[in-house]
Structure formats: structure tokens, C-alpha cells
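Worksheet for the structure shown next.
The values are calculated or read from the model by the stated rules, or taken from the named source; none is laboratory data. Bear in mind the structure is a predicted one, so any value in this text is a computation, not a measurement. Neighbour counts run over all protein chains shown; Cβ positions are idealised from the backbone, glycine included.
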Amino acid sequence: MSRDAVRRVPGMAIPVIETERLVLRGLREDDLDALAAFYAEADAARFVGGRLEREDAWRLIAMHLGHWHLRGFGQFCVADRTSDTYLGWCGVWHPEGWPEPELGWALVASAQGRGLATEAARAARDYAYRVIGLTTLVSYVDADNHPSRRVAERLGAVREEGSIDLRGSPVDVWRHPGPAELAGR
């Protein structure tokens, strides 16, 4: 069987979204090196599940692709629009046990501090509202994750009172404006 035949899953078409500087697309096996390098660094992966070995990073790709297949939405690979270089991931997911759909993001260190997370998250949120039909989204953000808090604020999300326990970790809930509220802006 050819490699291309292995990659195709009937009925599973992950959309491609282009922004000014980015392409949001499905994760691919050739993203593994960059994803594994990100998750190999404890500091980088601290707020997104923690450090992973390469084999577990591969499983993470498979899990995210499976989420698309099961739910019809999921995490996109965030890539540079010009070079297709892997920069991170962003999108909406709602795994079993999650209170509600979450808009999340994580970028490699070299892509941080340039507004790329906000650009990617805005595009993913627009897709979730416009195409998927979701009417509300949250971002679960660790209180110590100041860069993600700033992204949530730039997106217009508002921190709800208190925190929730999400798989053993307390996180703040940042509620994003819904589609009707965004349309009124």
C-alpha cells in the first residue's frame, strides 16, 4: 500500500484555513519532529499536558486526528504561510470528560511574542462559530500561564470567577464572546 493511501481517511477532510501569516491545516506525520521537540522541553509543555517522549508525541498527533474524525472538529497544525514550517497547534477540542468545547493553542518558542497565537486562535474560533455552529467557547488557562492569559484577553475572552479542576489541575475559565456578540462589534 502506498504511503498516500495510508494517510487518507474516508470522510475525514480537515479544512485548511489561511490567515495573513499562517496556514491552519491538519497535523501530518512530517510534523512529528517539531512537535516532539516542543514536548521534549518541560518548560514549553508545562501548560499543555507536560513533557512527552517522541512516541507519545506521535500518539498525540493520532489522538488529534482521531478527534477530528469523531467530533468533526479539532486542533489544527499552525504553520508558516510561506514556508509551511510547523509553528504549533491551535483549535477547538472537546475530549471526553471536558466540561465544554475549548479553544486552545501552543506555539514553539520562536513563534511566540509576535501575535501569531492570537491570529491562529481568532481564525479557529471563527471557523468553530461559522462552520461548526458552536455558540460558545472557553479557554482553560493555568493562572501562571501569563502569555495565554494575554491571548485570551486580546480575543475578548473574559475570565469567569473561580477556577475548575481539569484532570487534576486548577485552571481559570476564560469565556469567549459568542458569534452574536462578535457580529455586533
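Numbers below:
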| item | result |
| --- | --- |
| Subset tally (residues that are surrounded by 18 or more Cβ atoms within 10 Å (Cβ to Cβ), in contact with a strand residue (DSSP E or B) (Cβ under 9 Å, 6 or more places away or on another chain) and among the small types (Gly, Ala, Ser)) for the stretch 16-67 | 2 |
| Test: residue in the stretch 147-166 that is out of contact with any Pro (no Cβ under 7 Å at 6 or more places or on another chain) and either aromatic (Phe, Trp, Tyr) or under 19 Å from HIS64 (Cα atoms) (or both) | yes |
| Qualifying strands (runs of 3 or more DSSP E) (wholly inside the stretch 126-183; at least 3 residues being within 17 Å of the chain's Cα centre (by Cα)) | 138-141, 169-175 |
| Scan of the stretch 80-102 for residues that are surrounded by fewer than 21 Cβ atoms within 10 Å (Cβ to Cβ), modelled with pLDDT under 95 and of a type in the set (Gly, Ala, Ser), ordered by number | GLY97 |
| Selection count where residues are within 21 Å of VAL141 (Cα to Cα) and of a type in the set (D, E, K, R), scope the stretch 30-45 | 2 |
| Residues (closer than 18 Å to ALA124 by Cα and either without any contact (Cβ under 8 Å) to a residue 24 or more places away in the chain or aromatic (Phe, Trp, Tyr) (or both)) located in the stretch 159-179 | TRP174, PRO177 |
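Rundown of residues vs (1) out of contact with any His (no Cβ under 6 Å at 6 or more places or on another chain); (2) closer than 25 Å to ARG159 by Cβ; (3) at pLDDT 90 or above; (4) not in a strand (DSSP E or B), yes/no style:
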| site | (1), (2), (3), (4) |
| --- | --- |
| ILE14 | yes, no, yes, yes |
| ARG51 | yes, no, no, yes |
| LEU65 | yes, no, yes, yes |
| GLY104 | yes, yes, yes, no |
